[in-house]
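Presented below is the structure to which this report refers.
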Amino acid sequence: MAVELTTRVLSADGDAIAAAARVLSEGGLVAFPTETVYGLGADATNGEAIARLYAVKGRPQFNPLIAHVRDAEAAQLLGRFSDDARRLANAFWPGPLTFVLPKADECPVAELATAGLDSIGVRVPDHPVAHDLLAAFGKPIVAPSANQSGHVSPTTARHVLSDLGGRIDLIIDGGATSVGVESTIVSCLAEPTLLRPGGLPRDAIEEVLGHPLADGDKKLDDAPLAPGMLASHYAPKSPLRLNARDARPGEALLAFGPDVPKAACALNLSPEGDLVEAAANLFSHLRALDASGARAIAVMPIPNEGLGEAINDRLWRAAAPRA
Ligand code: TXA
Ligand code: MG
């Protein structure tokens with residue numbers, strides 16, 4: 001990797017936004033909070049900046065990026081909305097929902113960001129810092145989660161610093177993110193299809209559509225269509241044991257709900273069994289238990305409803321054999 005940078009960390013205010021917009025326009029990289037996780041932003045129209053972003057993340061080049069824009073009007077300059085996509089955008093934007101759409105004819109996003117596909121991922125984040133940055137910069141910002149490829153997504157500025165410090169120009173610290181898992185991705189290239197469960201539960205989407213979402217091909221792992229779905233994408237360093245009813249000697253426990261078995265080292269995603277709270281705590285608890293030096297992390301069962309679908313998806317990936 002090239003020269004070591006000094007990574008500035010600024011708390012979110014007007015000066016930080018102005019500094020971040022300047023860094024982006026010079027082709028630099030800025031980590032910023034969204035409501036889901038911290039994103040690593042680059043000017044979506046600047047191929048060189050995007051190449052640097054891939055290098056910093058250590059991300060396979062075929063993995064396309066999500067373009068973030070400030071509102072639905074700006075999104076229409078990037079992708080072509082079907083009627084269903086329009087309806088969903090009206091209902092859920094700004095918010096944790098990403099569409100994959102056919103690229104618009106005059107789409108200004110650099111070819112490298114979409115990995116040569118003729119589709120594009122677009123999202124309008126619901127976070128004041130993300131919104132102000134998009135407004136100040138005035139162009140779309142591509143932003144994958146601000147972690148090294150293969151690590152869990154960051155939900156605080158400190159997580160970003162520990163993963164990418166010395167490799168990016170600036171981190172805007174806007175506190176912990178509220179949703180805690182990445183956006184739900186729905187492809188609207190044909191019938192609406194769930195490519196990644198995430199911060200917006202499936203049932204909310206299906207209620208607006210009036211019919212079930214199609215399910216993305218589970219063999220996505222090898223397919224260039226949604227390569228971010230690599231099975232071990234979210235792996236912490238310690239192995240995970242799922243659906244655990246107890247913690248074995250040497251294991252740390254990732255608990256859920258009020259009835260928690262004994263463990264030397266435990267963190268509870270939500271003592272009250274609230275899936276929204278559990279999603280918000282997922283990645284920071286995983287990081288903390290991973291850093292505890294435990295032999296493995298035992299994970300209690302999580303109900304597979306609402307946000308539980310996204311939580312279980314990430315846990316399953318974290319537990320999958322490493323590539
Ligand atoms: O919540 C989020 O979505 C966060 C925040 C920062 O916005 N971003 C995020 O980006 O999770 P990333 O790059 O870590 O995950 C984006 C996923 C990848 O799995 C990628 O393959 C998929 O979106 N994707 C992007 N464009 C696509 C396209 N045209 N077709 C299929 N999949 C696409
Ligand atoms: Mg990611």
Hits in the stretch 29-55 (condition: more than 9 Å from ligand 1 (Cβ to nearest atom), charged (D, E, K, R) and closer than 21 Å to Gly174 by Cα): Asp43
For the stretch 180-203, the count of residues that are over 15 Å from Ala146 (Cα atoms), more than 8 Å from ligand 1 (Cβ to nearest atom) and open to solvent by less than 30 Å² (accessible area, probe 1.4 Å) equals 8
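For (1) closer than 22 Å to Leu194 by Cβ; (2) open to solvent by 10 Å² or more (accessible area, probe 1.4 Å); (3) basic (Lys, Arg), each residue gets a yes or a no:
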| residue | (1), (2), (3) |
| --- | --- |
| Lys237 | no, yes, yes |
| Phe256 | no, yes, no |
| Asp259 | no, yes, no |
| Ala264 | no, yes, no |
| Glu272 | no, yes, no |
| Leu275 | yes, yes, no |
| Gly293 | no, yes, no |
Which residues, counting only those in the stretch 246-267, are in contact with a Pro (Cβ under 9 Å, 6 or more places away or on another chain) and outside any loop (DSSP other than H, G, I, E, B)? Leu253, Ala255
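Scan the stretch 162-177 and tell me whether some residue there is within 12 Å of ligand 1 (Cβ to nearest atom) and either open to solvent by 20 Å² or more (accessible area, probe 1.4 Å) or over 22 Å from Ala280 (Cβ atoms) (or both).
Of the stretch 162-177, the ones within 12 Å of ligand 1 (Cβ to nearest atom) are 177.
Within this subset, residues satisfying the condition of being either open to solvent by 20 Å² or more (accessible area, probe 1.4 Å) or over 22 Å from Ala280 (Cβ atoms) (or both) are none.
No, there is no match, as no residue in the stretch 162-177 is within 12 Å of ligand 1 (Cβ to nearest atom) and either open to solvent by 20 Å² or more (accessible area, probe 1.4 Å) or over 22 Å from Ala280 (Cβ atoms) (or both).
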Please list, ordered by residue number, the strands (runs of 3 or more DSSP E) wholly in the stretch 1-64 having 1 or more residues that are over 22 Å from Thr177 (Cα atoms). 38-43
Quick one: in the stretch 1-41, which of the residues that are surrounded by fewer than 16 Cβ atoms within 10 Å (Cβ to Cβ) and at pLDDT below 95 is nearest to ligand 2 (Cβ to nearest atom)? Met1
Within the stretch 139-179, the count of residues that are more than 19 Å from Gly28 (Cα to Cα) and among the basic types (Lys, Arg) comes to 1
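Could you look through the stretch 136-159, keep only residues that are more than 13 Å from the chain's Cα centre (by Cα), open to solvent by less than 40 Å² (accessible area, probe 1.4 Å) and within 28 Å of Glu106 (Cβ to Cβ), and pick out the one that is nearest to ligand 1 (Cβ to nearest atom)?
We begin by selecting, within the stretch 136-159, every residue more than 13 Å from the chain's Cα centre (by Cα); these are 136-141, 157-159.
Imposing the further condition that a residue be open to solvent by less than 40 Å² (accessible area, probe 1.4 Å) reduces the set to 137, 140-141, 157, 159.
Remaining after also requiring within 28 Å of Glu106 (Cβ to Cβ): 137, 140-141.
On the way: Phe137: 15, Pro140: 12, Ile141: 10 Å.
Filtering the stretch 136-159 for residues that are more than 13 Å from the chain's Cα centre (by Cα), open to solvent by less than 40 Å² (accessible area, probe 1.4 Å) and within 28 Å of Glu106 (Cβ to Cβ), the one nearest to ligand 1 (Cβ to nearest atom) comes out as Ile141.
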Residue hits (the stretch 115-135; among the acidic types (Asp, Glu) and either open to solvent by less than 40 Å² (accessible area, probe 1.4 Å) or near ligand 1 (Cβ under 9 Å from one of its atoms) (or both)) are Asp118
Do we have any residue at all in the stretch 42-52 that's within 16 Å of ligand 2 (Cβ to nearest atom), open to solvent by less than 10 Å² (accessible area, probe 1.4 Å) and within 25 Å of Ser149 (Cβ to Cβ)? yes
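Yes/no per residue for (1) among the hydrophobic types (A, V, I, L, M, F, W, C); (2) over 19 Å from Thr177 (Cα atoms); (3) modelled with pLDDT under 95:
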{"site": "Gly273", "(1), (2), (3)": "no, yes, no"}
{"site": "His285", "(1), (2), (3)": "no, no, no"}
{"site": "Ser292", "(1), (2), (3)": "no, yes, yes"}
{"site": "Ile297", "(1), (2), (3)": "yes, yes, no"}
{"site": "Pro301", "(1), (2), (3)": "no, yes, no"}
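The values are calculated or read from the model by the stated rules, or taken from the named source; none is laboratory data. Owing to the predicted nature of the structure, the values given are computational and were not obtained by experimental measurement. With ideal geometry, Cβ positions are generated from the backbone for all residues, glycine too; neighbour counts draw on all protein chains shown. All accessible areas refer to the heavy atoms of the entire protein, side chains included, with ligands and DNA or RNA removed. Shrake-Rupley method; radii C 1.70, N 1.55, O 1.52, S 1.80 Å.
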